[in-house]
Amino acid sequence: MTADIFSSEWAIAWKLAIDAHAGYRVAAATWEGSLALSMPDPSGAAGRAVFVDLWHGTCRAARVALPDDLGGADFVLSGSTETWKRVLRGEVAPLMAIMTGRLTLTRGSLAALIPYAAAAKALVDAAATVPARFPGEVAA
């Protein structure tokens, strides 16, 4: 089943994919915190965002981000639809996207994220396994 990117259905499927990803469990064994991924709408309408609560290699919760999630997550990454497509297809590594300005770290510090580069990559790998429909794409 293909879900709209950053929807509730997509977040649930991503949580399952994270928890099933052995590489993530190892890479994130010492990671405690939360992460939100945001995709602003260029027209000014409400964008999309998803929130995950991460704890020592597991995902305790995943959902559509609430306003408090975006203000309270340890890390918030924001990017355009096209950037998220490229990141989730594995064409651009998440930290490289941050360093080149394709993704913006709107909350949290890059220095605090760098030690978890392998965990971030595994999160993206898990997300890439979830069939997603991006804004503007027609349902199959």
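Would segment 79-97 turn up any residue that is over 22 Å from G23 (Cα atoms), in contact with a strand residue (DSSP E or B) (Cβ under 9 Å, 6 or more places away or on another chain) and at pLDDT below 90?
no
If we scan segment 2-15, do we find a residue that is of a type in the set (A, V, I, L, M, F, W, C), in contact (Cβ under 8 Å) with a residue 12 or more places away in the chain, surrounded by fewer than 21 Cβ atoms within 10 Å (Cβ to Cβ) and in contact with a helix residue (DSSP H, G or I) (Cβ under 6 Å, 6 or more places away or on another chain)?
Yes, there is a match, as at least one residue in segment 2-15 is of a type in the set (A, V, I, L, M, F, W, C), in contact (Cβ under 8 Å) with a residue 12 or more places away in the chain, surrounded by fewer than 21 Cβ atoms within 10 Å (Cβ to Cβ) and in contact with a helix residue (DSSP H, G or I) (Cβ under 6 Å, 6 or more places away or on another chain).
Scan (1) part of a helix (DSSP H, G or I); (2) more than 16 Å from S8 (Cα to Cα) for the single condition L70 breaks and write down its number.
Failed condition: (2).
Looking only at segment 7-65, which residues are polar (S, T, N, Q) and in a loop (DSSP other than H, G, I, E, B)?
Hits for segment 7-65 are S7, T30, S43.
With respect to A61, is the statement that it is touching a residue at least 12 places away in the same chain (Cβ under 8 Å) and either surrounded by 15 or more Cβ atoms within 10 Å (Cβ to Cβ) or among the charged types (D, E, K, R) (or both) true?
Numbers: touching a residue at least 12 places away in the same chain (Cβ under 8 Å): yes; either surrounded by 15 or more Cβ atoms within 10 Å (Cβ to Cβ) or among the charged types (D, E, K, R) (or both): no.
The answer is no for A61.
Considering segment 69-116 alone, what residues qualify as being of a type in the set (A, V, I, L, M, F, W, C), touching a helix residue (DSSP H, G or I) at 6+ places or on another chain (Cβ under 8 Å) and in contact (Cβ under 8 Å) with a residue 40 or more places away in the chain?
Result: F75, V76, L77, L88.
Looking at this structure, is Y116 of a type in the set (F, W, Y) and over 17 Å from V130 (Cα atoms)?
yes
The values are calculated or read from the model by the stated rules, or taken from the named source; none is laboratory data. It should be emphasised that the depicted structure is a prediction, and the values quoted were computed from it without experimental measurement. Note: ideal-geometry Cβ built from the backbone for every residue, glycine included; neighbour counts use all protein chains shown.
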